[in-house]
Structure formats: structure tokens, C-alpha cells
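A short write-up of the structure that comes next.
The numbers here are math on the coordinates, done by the rules we state, and not lab data. From a predicted model like this one, the values you see are computed outputs, not experimental measurements. Glycine also receives a Cβ, built like all others from the backbone with ideal geometry; neighbour counts cover every protein chain displayed.
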Amino acid sequence: MTGGYEVDQFVDPPDDDLICVICRAVLRCPVRLKCNHVFCKECILQWMKRQVKCPCCRQSIDQNQMLVLFKLSKSIGRLSVKCRNGQQGCRATFPLSNEYLHISTCPYEWQICPHEGCGQQVLRKDVQAHDQSCTHWRQLCPMGCGTLLVRENQTQHNCYRELQQRYLAERRKQRAIAANLRRKMQRMQSRMAQIKRQINLMCESLEVGDLETEAGEGTSAWTDASPSSSRHRHTYNSRIRFI
């Protein structure tokens, strides 16, 4: 287990009392059990997942009876350590509690090039020099025109020309959209005229049908009236002959 601080990073060898017997490193967030043995908090919690006896005295242990040793943790934090970037050339030493602050500004800390597609690791102190030669360099125009500059076109970039080209391209796009809308409107108008003609033809057809129906009904009524008149004349003539 590696829950503690590596012994090699300390300027002076730490006392044996500050060494965790589980990970063999300097205590990180030390806790004391009811049996008075001290371990890194993470180390003993991992240990208790496998067994619940103290690794030193084999007494039963309980997580609820752990005591965090804040004073001891502060004392360890005052010990001097070497920068982890010693192999890159950093010779700085500082209190352990200031390690994060130093690493965040250490000129020998490895950094990944921020330009998309590069991914090269460079020392923090060399980032600016790498930025000047990185082929994946990208940057928005500092004048505010919105153009994404690359290394190849940086010196030739002209904001006015770029904005003019963008304006013309947008104008062509809008004209194409307007022409497309006009064509759609013409097709819709043609379709509406066709539908209107079809409706007029249907109306005329219905009117002709109504007239034919009315004419048929009139002829039928006249035909029904004719036999009755003949019978009436026949009866009248018979009466005359009888008299």
C-alpha cells in the first residue's frame, strides 16, 4: 500500500515513529486505534476490509474508535521535503504543507500543450517557447473579428478583408435562401390555382346535375297528368251519346 508520503522526498530522514507499518511511508492523515498504534487513515481502512485485528498487536479494532491525530499531522506538515520534479532540475525545498502551492507554480512541472492535436509534454518554463513553434497553434484574432488564426496565416491575416469575405458569403447565402422561398411560393400559388380550377369544375358539374334532376321531375309530372285527362274526355263523350 502507498497511503503515506514517500520517505525519499524528505530532506532529512523522518523518525521511525512517523512511519506507517502498513505502507512503510510517512504517515498521511494519521489515526490512532484503541490499542494506541498509529497508521495512515487510508491504509488502516483498506486493512480492515480484509481483517479486523491490529497489524501490530493483533487486537480487535473498530473503525468507530479511531482518533484522527491533527497535531501530529500538522507536525508532519512542517517537515521539509524536496520537489518531486528533482529529476527535471528543480532543487527547491519547502514544508510538506506547501507542496501543492509549489507544484502549481514549479517551472519544472510537466505540462501538456494546450493546443488541440498536439499533446506534447513540455516543462512549464518552456511552454512559451513551445507555443512559438507549435504547428497546432490556434488563436482567435486579438482584434475581435472572430477569425481562428493558425500559424500559417497569422501574418497574412487582414481583419477588414476577412469581414468583407464573410459578409459577401453571408449575402450569397441569404440570396439563395430568398430564391428558394420564391420558388416555393410560386409552386404553392400554382397548386392553389389548380385546386381552384378543380373546385370550379366540381361546382359546375353539380349545378348541371341539379338542372337535369329538376327537368326529369317536371317531365314525370306531365306524363302522370295526361291519362287522367283522356279518361275525363271519354266519360264526357259517353254521357253525350247517352243523352
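A few remarks follow.
- For peptides 116-125, 35-44, 205-214, sequence by mean Cβ density within 10 Å, most packed first: 35-44, 116-125, 205-214
- A straight Cα-to-Cα reach below 15 Å connects LYS125 with the aspartates and glutamates GLU109, residues fewer than 8 places away in its own chain not being considered.
- Hits among lysines - C-alpha to C-alpha of LYS41 under 21 Å, sequence gap 8 or more where chains match: LYS49, LYS53, LYS71, LYS74
- Placing unit charges on each Cβ (+1 for Lys and Arg, -1 for Asp and Glu) gives the stretch 7-80 a dipole about its Cα centre, and among GLN65, VAL7, CYS35 the Cα reaching farthest toward its positive end belongs to GLN65.
- Using the average count of surrounding beta-carbon atoms within 10 Å as a protection proxy, the listed peptides 22-34, 178-190 rank, highest first, as 22-34, 178-190.
- Whole-Hz couplings from phi, Karplus 6.51/-1.76/1.60, listed for the stretch 21-32; x for Gly and Pro: 6, 7, 9, 6, 10, 5, 4, 10, 6, x, 10, 10
- Couplings for the stretch 82-93, taken from phi via the Karplus curve 6.51 cos²θ - 1.76 cosθ + 1.60 with θ = phi - 60°, read 9, 5, 5, 9, x, 5, 7, x, 7, 10, 6, 10 Hz in order; Gly and Pro are left as x.
- Amide H contacts under 5 Å for LYS82, placed H, 5+ residues apart: PHE10, VAL11
- Short to long, the 5 Å bins of the Cα pair-distance histogram for the stretch 3-102 hold 2, 13, 22, 21, 16, 10, 8, 4, 2, 0 percent of all pairs.
- In this simple spin-label model, placing a label point 7 Å from the Cα along the Cα-to-Cβ direction at both SER190 and ASN36 gives a separation of 10.2 nm.
- Taking amide H as placed 1.01 Å from N in the peptide plane, the amide H of GLN111 sits under 5 Å from that of VAL122, LEU123, ARG124, each at least 5 places away or on another chain.
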